[in-house]
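In what follows, a single structure is set out as structure tokens and then discussed.
The values are calculated or read from the model by the stated rules, or taken from the named source; none is laboratory data. Computed from a predicted model, the values in this text were never measured in an experiment. Cβ coordinates were reconstructed from backbone atoms using ideal geometry, including for glycine residues, and neighbour counts include every protein chain displayed.
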Amino acid sequence: MLTNSMAAPALCAALGTGGDFAEIFYQDKTGQSVSLRDGRIESALTQRIRGAGVRVFKELSCVYVYTNDVSAEGLLRAARRAADAVGSISREAAVELTGSRAANIHPVRALPLDISGARKAKLLKDACAAAKGASARIAHVQAALSCSQEEVQIFNSEGLSVGDCRVRTRLAVSAIASDGRENQTGFSGPGALMGWELFEERVDPEAAAREAALRAATMLTAKPCPAGVMPVVMDGGFGGVIFHEACGHSLEATSVALGNSEFCGRLGQRIASPRVTAVDDGTIPNEWGSLNIDDEGMPTTKLTLIENGILKNYMVDRFNGRRMGMPATGSSRRQDYTYAPTSRMRNTYIAAGSDDPEEMIASVDCGLFAKQMGGGSVNPATGEFNFSVAEGYMIRDGRIAEPVRGATLIGRGAEVLQRIDRVGPRMWMAQGMCGSVSGSIPTNVGQPRIRISEITVGGR
């Protein structure tokens with residue numbers, strides 16, 4: 001761990017050529033992963049990431065230097081390199097730090113790295129067996145357990161000195177169903193900002209494994225999805241990935257500050273159906289995307305992005321806030337110390353509404369029920385997206401009918417937001433990893449069941 005007496009001289013050195021703000025981010029993270037394939041241990045790995053990054057601002061210029069030498073001399077060297085890139089003038093700087101520990105709103109009862117390897121292996125073997133037993137069509141199962149314990153400290157030239165501890169645990173199960181001619185895959189990946197108590201309080205590993213297996217077996221028997229423009233009822237949980245990708249990234253200052261978002265300059269304007277309220281919340285206790293403080297040391301927040309269709313806020317980090325003339329929102333994140341931070345999502349979801357989930361199905365003569373979404377791609381500047389449906393069913397005459405596969409949803413974020421005409425009363429979330437310029441980070445996506453009045457469905 002770093003001390004104030006180590007950090008303060010480095011911050012002064014970082015400001016020594018004319019910078020107007022300096023920051024040090026220190027990280028010490030130990031991660032462990034264990035994976036099984038068809039009941040046999042495939043790998044067991046432990047890794048440690050330890051280092052620090054020094055960031056310096058000069059007006060609208062930013063320099064970031066990182067090092068794995070976290071001695072006092074190593075920090076000074078990194079700070080001087082950053083200062084050399086900022087300017088050539090020489091000046092004296094003084095920094096006084098006041099230390100604190102972030103208030104912990106995400107309690108952990110059982111540190112996952114303290115759990116024995118035998119106990120972890122048993123959990124994975126039980127999950128594999130449950131997936132295999134879910135259907136005779138399951139040919140292969142892979143299960144993995146990942147956990148991490150991380151200490152961070154953030155110091156800056158405004159006097160901030162704050163530390164935090166972050167503990168995450170996640171199970172991932174992938175099941176492959178086969179009929180001898182072709183294969184289909186089902187996936188389940190529950191996780192949380194929790195320790196081993198995750199599997200005692202929130203997640204049944206065997207149930208999660210069966211869910212993945214049954215999805216794979218169902219899609220193996222599915223027929224190709226017909227293509228066309230049609231209404232789509234999208235289930236909750238991971239269905240929220242469309243908002244995350246097609247709209248959420250366009251509301252991050254990473255895009256907005258540079259004019260690379262379809263929502264630039266639209267605060268206070270209607271950008272969605274009046275039924276849509278969307279939130280990015282880093283404060284939900286123990287959720288996968290939650291934090292006590294962000295990676296700039298600011299307490300995380302509950303941020304309403306869209307309220308009844310009106311754009312209320314962007315997600316803003318400190319540096320892009322300078323460009324935009326807006327305060328930071330506790331949304332600054334990074335994968336590790338080798339990345340400079342920027343604005344990122346945390347737990348992002350469409351809030352619950354009041355529409356009847358069954359009526360959504362009954363209201364559709366011919367359409368698609370997207371029970372589980374898969375991956376996709378999006379252009380934040382235009383909002384154009386393309387997402388696969390991992391588990392889908394046709395809706396015929398107001399009833400869920402046969403399963404279909406190969407469905408994709410194609411459109412623009414702004415258009416989809418306007419076409420959401422039903423929002424159900426129960427919101428739930430699902431876990432994922434989000435990639436951007438500051439690396440890959442844990443994020444939650446979520447929504448209730450919703451209906452989109454029409455969208456282009458790709459298929460055959």
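Would you be able to say whether some residue in segment 388-404 is out of contact with any Asp or Glu (no Cβ under 6 Å at 6 or more places or on another chain), closer than 16 Å to GLY248 by Cα and either free of Cβ contacts under 8 Å to residues at least 12 places away in the same chain or part of a strand (DSSP E or B) (or both)? No, segment 388-404 contains no residue that is out of contact with any Asp or Glu (no Cβ under 6 Å at 6 or more places or on another chain), closer than 16 Å to GLY248 by Cα and either free of Cβ contacts under 8 Å to residues at least 12 places away in the same chain or part of a strand (DSSP E or B) (or both). Of all the residues in segment 1-43, those that are part of a strand (DSSP E or B), closer than 17 Å to CYS62 by Cα and not charged (D, E, K, R) number 4. Taken together, GLY330, GLY321 contain a single residue that is closer than 21 Å to TYR64 by Cα and in a helix (DSSP H, G or I), which is GLY321.
Counting just the residues of segment 324-345 that are among the aliphatic types (A, V, I, L, M) and over 13 Å from the mean Cα position of the chain (by Cα), which one comes out nearest to ALA102 (Cα to Cα)?
Kept after step one, since they are among the aliphatic types (A, V, I, L, M), are these residues of segment 324-345: 324, 326, 328, 340, 345.
Now drop any that are not over 13 Å from the mean Cα position of the chain (by Cα), which leaves 324, 326, 328, 340.
Working: MET324: 28, MET326: 24, ALA328: 18, ALA340: 21 Å.
Out of the qualifying residues, it is ALA328.
Can we say VAL65 is under 18 Å from TYR339 (Cα atoms), among the aliphatic types (A, V, I, L, M) and in a strand (DSSP E or B)? Full working, then the answer.
Details: under 18 Å from TYR339 (Cα atoms): yes; among the aliphatic types (A, V, I, L, M): yes; in a strand (DSSP E or B): yes.
Yes, satisfied.
Just need a number here: residues in segment 211-232 that are charged (D, E, K, R), assigned to a helix (DSSP H, G or I) and either at positive phi or touching a residue at least 40 places away in the same chain (Cβ under 8 Å) (or both). Steps first, answer last, please.
Residues of segment 211-232 charged (D, E, K, R): 211, 215, 223.
With assigned to a helix (DSSP H, G or I) added as a condition, the list becomes 211, 215.
Filter once more, keeping what is either at positive phi or touching a residue at least 40 places away in the same chain (Cβ under 8 Å) (or both): 215.
Matching residues across segment 211-232 total 1.
Only residues that are of a type in the set (D, E, K, R) and within 23 Å of GLY446 (Cα to Cα) were counted in segment 212-240, giving 2. If I ask for residues that are touching a helix residue (DSSP H, G or I) at 6+ places or on another chain (Cβ under 7 Å) and either among the aliphatic types (A, V, I, L, M) or over 17 Å from MET433 (Cβ atoms) (or both), which ones from segment 179-207 would you list? Answer for segment 179-207, where residues must be touching a helix residue (DSSP H, G or I) at 6+ places or on another chain (Cβ under 7 Å) and either among the aliphatic types (A, V, I, L, M) or over 17 Å from MET433 (Cβ atoms) (or both): ASP179, GLN184, THR185, GLY186, ALA192, GLY195, TRP196, PHE199, PRO205, GLU206.
Looking only at residues in segment 343-387 that are at pLDDT below 95, of a type in the set (Gly, Ala, Ser) and part of a loop (DSSP other than H, G, I, E, B), the one that is nearest to ARG412 (Cα to Cα) is GLY383.
Restricting the search to segment 166-184, which residues are among the acidic types (Asp, Glu) and in contact with a Gly (Cβ under 8 Å, 6 or more places away or on another chain)?
Residues of segment 166-184 among the acidic types (Asp, Glu): 179, 182.
Across segment 166-184, there are no qualifying residues.
Here LEU409 passes the criteria (1) surrounded by 22 or more Cβ atoms within 10 Å (Cβ to Cβ); (2) over 26 Å from the mean Cα position of the chain (by Cα) except the one numbered (2).
Do we find that GLU287 is more than 27 Å from GLU158 (Cβ to Cβ), touching a strand residue (DSSP E or B) at 6+ places or on another chain (Cβ under 9 Å) and either assigned by TED's automatic domain parsing to the domain that holds VAL108 or assigned to a loop (DSSP other than H, G, I, E, B) (or both) in this structure?
Numbers: more than 27 Å from GLU158 (Cβ to Cβ): yes; touching a strand residue (DSSP E or B) at 6+ places or on another chain (Cβ under 9 Å): yes; either assigned by TED's automatic domain parsing to the domain that holds VAL108 or assigned to a loop (DSSP other than H, G, I, E, B) (or both): yes.
In short, yes.
Residues in segment 333-342 that are of a type in the set (D, E, K, R) and assigned to a loop (DSSP other than H, G, I, E, B) were compared, and the one that is surrounded by the most Cβ atoms within 10 Å (Cβ to Cβ) is ARG334.
Given segment 118-210, what strands (runs of 3 or more DSSP E) lie entirely inside it while holding 1 or more residues that are among the basic types (Lys, Arg), crowded, with 22+ Cβ neighbours inside 10 Å and at pLDDT 95 or above? Before you say what the answer is, go through the steps one by one.
Details: elements: 138-156, 160-178, 183-188.
Result: 160-178.
Taken together, GLY392, GLY353, GLY330, GLY325 contain a single residue that is surrounded by 16 or more Cβ atoms within 10 Å (Cβ to Cβ), in the same structural domain as PRO231 (by TED's automatic domain parsing) and at positive phi, which is GLY330. Just give me the residues in segment 58-76 being out of contact with any strand residue (DSSP E or B) (no Cβ under 7 Å at 6 or more places or on another chain), on the phi < 0 side of the Ramachandran plot and either surrounded by fewer than 17 Cβ atoms within 10 Å (Cβ to Cβ) or in the same structural domain as LEU258 (by TED's automatic domain parsing) (or both), in sequence order. Of everything in segment 58-76, those that are out of contact with any strand residue (DSSP E or B) (no Cβ under 7 Å at 6 or more places or on another chain), on the phi < 0 side of the Ramachandran plot and either surrounded by fewer than 17 Cβ atoms within 10 Å (Cβ to Cβ) or in the same structural domain as LEU258 (by TED's automatic domain parsing) (or both) turn out to be LEU60, SER61, ASP69, SER71, ALA72, GLU73. Residue count for segment 37-57 under the criterion of being crowded, with 18+ Cβ neighbours inside 10 Å and in contact with a Ser or Thr (Cβ under 9 Å, 6 or more places away or on another chain): the result is 5. Taken over segment 426-451, residues that are under 8 Å from the mean Cα position of the chain (by Cα) and of a type in the set (Val, Ile, Thr) amount to 3. Evaluate the following for ARG168: is it in contact with a Leu (Cβ under 7 Å, 6 or more places away or on another chain) and more than 25 Å from VAL389 (Cβ to Cβ)? Taking the combined requirement at face value, the residue satisfies it. The residue pairs whose first member lies in segment 164-190 and is within 29 Å of TYR26 (Cβ to Cβ), whose second member is outside any strand (DSSP E or B) and modelled with pLDDT under 95, and whose beta carbons are closer than 6 Å, counting only pairs six or more residues apart or on different chains, are ASP164/ALA102.
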